[in-house]
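Accompanying notes for the structure given below.
The values are calculated or read from the model by the stated rules, or taken from the named source; none is laboratory data. Keep in mind that this is a model prediction, so the values were computed, not measured. Note that we place each Cβ from the backbone using ideal geometry, even for glycine, and neighbour counts take in every protein chain shown.
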Amino acid sequence: MNFTLHQLQVFLKISQTKSITKAAEQLHLTQPAVSIQLKNFQDQFDIPLTEVFGRQLYITDFGMEMALAAERILNEVVVIHRKSHAFKGQLTGRLKISVVSTGKYIIPYFLDDFLKLHPQVELVLDVTNREKVMDNLEKNEVDFCLVSVLPDKFQVEKLELMQNRLYLVGKPSYLVEGIDGEEILNTRPLIYREEGSGTRFTMEKYFQKNKIPIKRQLVLSTNEAVKHAVMAGLGYSIMPLIGIKNELISGELEIIPVQGLPLESSWNLIWHKNKDFAPAADAFLKFLFAEKDRIISEKFNWIHTYNT
């Protein structure tokens, strides 16, 4: 046998996704490249690794055994890689962070300098909705989570990174002269995030507290989808300021003044209480305590323009 580590990596990803297309996307390869690697790996065995029925790819029992073996081998390679760098005095390891979808607008700026200081640290960043983030935290599958709404099911430690402000926004040409923000909330279509979103949770708390009846609504699954729907004139939404900077500057969106807005919360990096950190996670947390104020001043000073 003469298989390569790359073939093992490709086959493992295929076994996890049950799809050549998805494996190619996650590995940042073309579908033909993944298919070739699968064929070259399969050619070394007399027993099928995969089967195709209809348009669905299945992993055989033998294939699943090979996938488990591939995972063990690749994990050992990672250990060898880390140890070689550790002997050189370099920080190594994997840093795993789960981030709510709107947190993608801030977390890269808090990671950039750290990863430049420690280029051998491997980052695993999962951007998803709040429910999945909480599930990752509860199962202890990540080192940290970035959220704007703290969990109430279990105890966590937290580091407040920065303020999160949410404003009512609309397309400028869609605004009706003489109608104020309160009337818009009562009479105009409002675009929501999906169930489980921290932004939706914050919006609904505001509506309940102020007894605002919402007549019509459109539900979309991502902040980007909501933003484009608002820019297209499908309705209004309450959105985090952090995600609409470019659209405000270009004039594609406009903040609508409403009493009680902006809604204010905080972006918090959270982790399990009494968690025993690996070296990479421990170093990242120490970096944030030392550098977060500088990063906010350098990267997010523009936010103060809208603090009215």
Which condition breaks for S250 when tested against (1) within 15 Å of L168 (Cβ to Cβ); (2) out of contact with any Ser or Thr (no Cβ under 9 Å at 6 or more places or on another chain)?
(1)
Of all residues in the range 243-260, how many are touching a residue at least 60 places away in the same chain (Cβ under 8 Å) and part of a loop (DSSP other than H, G, I, E, B)?
8
Return a yes/no flag: does the range 149-157 have any residue that is within 18 Å of the chain's Cα centre (by Cα) and at pLDDT 90 or above.
no
Applying the selection to the range 200-225, what residues are within 20 Å of S101 (Cα to Cα), touching a Phe, Trp or Tyr at 6+ places or on another chain (Cβ under 8 Å) and not charged (D, E, K, R)?
M203, L218, V219, L220
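Determine which member of the set L117, L95, L146, L159 is surrounded by fewer than 19 Cβ atoms within 10 Å (Cβ to Cβ) and in contact with a helix residue (DSSP H, G or I) (Cβ under 7 Å, 6 or more places away or on another chain). Show your work before the answer.
Working: L117 fails: in contact with a helix residue (DSSP H, G or I) (Cβ under 7 Å, 6 or more places away or on another chain); L95 fails: surrounded by fewer than 19 Cβ atoms within 10 Å (Cβ to Cβ); L146 fails: surrounded by fewer than 19 Cβ atoms within 10 Å (Cβ to Cβ).
It is L159.
Anything in the range 261-308 that is of a type in the set (F, W, Y) and assigned to a helix (DSSP H, G or I)? List them, or say none.
Looking only at the range 261-308, we keep the residues that are of a type in the set (F, W, Y), and these are 267, 271, 277, 284, 287, 289, 300, 302, 306.
Result: F284, F287, F289, W302, Y306.
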Can you list residue pairs whose Cβ atoms sit under 7 Å apart, with the first residue in the range 279-305 being hydrophobic (A, V, I, L, M, F, W, C) and the second being in a helix (DSSP H, G or I)? Count only pairs 6 or more apart in sequence or on different chains.
F284/F114; F287/F114; L288/F110; I295/Y109; I295/F110; W302/K245; I303/L241
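Give me the residue from the range 195-242 that is among the polar types (S, T, N, Q) and part of a loop (DSSP other than H, G, I, E, B) and, out of that set, modelled with the highest pLDDT.
Let us first name the residues in the range 195-242 that are among the polar types (S, T, N, Q), namely 197, 199, 202, 208, 210, 217, 221-223, 237.
This time we only want the ones that are part of a loop (DSSP other than H, G, I, E, B), so: 197, 210, 221-222.
Values: S197: 82, N210: 83, S221: 83, T222: 86.
Across the range 195-242, the extreme among qualifying residues is T222.
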Members of the range 36-57 found to be surrounded by 17 or more Cβ atoms within 10 Å (Cβ to Cβ) and over 12 Å from Q7 (Cβ atoms), listed by number:
T50, L57
Qualifying residues in the range 267-308 (those that are surrounded by fewer than 16 Cβ atoms within 10 Å (Cβ to Cβ) and among the polar types (S, T, N, Q)) - the one farthest from the chain's Cα centre (by Cα)
T308
Tell me which helices (runs of 4 or more DSSP H) are completely within the range 21-139 and hold 1 or more residues being touching a residue at least 40 places away in the same chain (Cβ under 8 Å) and outside the structural domain of P151 (by TED's automatic domain parsing), or say none if there are none.
61-87
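In the range 189-233, how many are of a type in the set (S, T, N, Q) and either farther than 25 Å from D152 by Cα or over 21 Å from the mean Cα position of the chain (by Cα) (or both)? Walk me through how you get there before you give the answer.
Restricting attention to the range 189-233, the residues satisfying the condition of being of a type in the set (S, T, N, Q) are 197, 199, 202, 208, 210, 217, 221-223.
Then keep just the ones that are either farther than 25 Å from D152 by Cα or over 21 Å from the mean Cα position of the chain (by Cα) (or both); that gives 208, 210, 217.
Going through the range 189-233 one residue at a time, the tally reaches 3.
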Options V52, V78, V34; residue that is closer than 30 Å to H272 by Cα and aliphatic (A, V, I, L, M):
V78
